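Structure, as structure tokens:
The values are calculated or read from the model by the stated rules, or taken from the named source; none is laboratory data. The structure presented is a predicted model; accordingly, all values stated were derived computationally and were not measured. All Cβ positions, glycine included, derive from the backbone under ideal geometry; neighbour counts span all protein chains shown. Surface areas here come from the heavy atoms of the whole protein model, side chains and all, with no ligands, DNA or RNA. Shrake-Rupley method; radii C 1.70, N 1.55, O 1.52, S 1.80 Å.
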Amino acid sequence: MIKFLKRLFSKETTNQPILPIKETRSLSKVEIEFIIDELVSKQAQLMDEMKSNKTINDADIEFNKLITSRLTNNLKYRIPFLDIELVYLNNVLKGKKTKSIQYKLFYQVKDTDSTEITDMVINKGYSFVPTVGYLKIG
């Protein structure tokens, strides 16, 4: 709270938003640019780490591309974030390794099997993320 008040009344502008981000639509253009740059660089760094450890598959690459694209588009066009997206974004910006990220991309889930989708969302705690698939953090 003190940091926020100091920043609010100080004349110098900063490009770093105060973490955790709770609402993205109130961010300034400079903060959005900073977040996008950080997000893209940290996702690229993560991909490099995964490639060096040889723990990567096509689904991991696709997931990282899709989630990064979705978050950057939402920031650019000031589209409200889902709760799960905010958790993911804050963890990336803080540099934390999330407990575990589980995902199912759309092509991995059979459209005809509605019981699988219902089980994932209701019983297993997955959240629907448009253009990406289903995501669970923790």
Report summary line: The percentage of the accessible area of the chain (probe 1.4 Å, all protein chains present) made up of carbon and sulfur atoms, to the nearest whole number, is 55 percent
Query raised in the report: What spacing in nm lies between the two simple spin-label points modelled at Lys42 and Ile61, each 7 Å away from Cα in the Cβ direction?
Result: 2.4 nm
Requested in this report: Pop out the ³J(HN,Hα) list for the range 127-138 in order, Karplus 6.51 cos²θ - 1.76 cosθ + 1.60 with θ = phi - 60°, rounded to Hz; leave Gly and Pro as x.
Outcome: 10, 7, 10, x, 6, 10, x, 10, 9, 9, 10, x
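Could you tell me the relative contact order of the chain? Use alpha-carbon pairs under 8 Å, at least six residues apart, and round to a whole percent.
Reported relative contact order: 24 percent.
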Query raised in the report: At a Förster radius of 22 Å, what calculated FRET efficiency corresponds to the Cβ-Cβ distance of Leu105 and Ser52, to the nearest 0.05?
Result: 0.40
**Report entry** DSSP-assigned coil residues among chymotrypsin sites (Phe, Trp or Tyr not before Pro) in the range 53-105, each with at most 16 further Cβ atoms within 10 Å
**Finding:** Tyr77
Query - Label point distance in nm, Asn123-Arg78, each placed 7 Å from Cα along Cα→Cβ - result: 4.3 nm
Report task. Over 19 Å, how big is the tail of the calculated P(r) for the chain, in percent of all Cα pairs? Result -> 56 percent
Report summary line: Toy charge model, Lys and Arg Cβ at +1, Asp and Glu Cβ at -1: the range 12-138 dipole around Cα centroid in debye, rounded to 20, equals 200 debye
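What accessible area per residue comes out for the range 27-138, rounded to a whole number of Å², with a 1.4 Å probe?
Numbers: 6620 Å² over 112 residues.
Using a 1.4 Å probe on heavy atoms only, each residue of the range 27-138 averages 59 Å².
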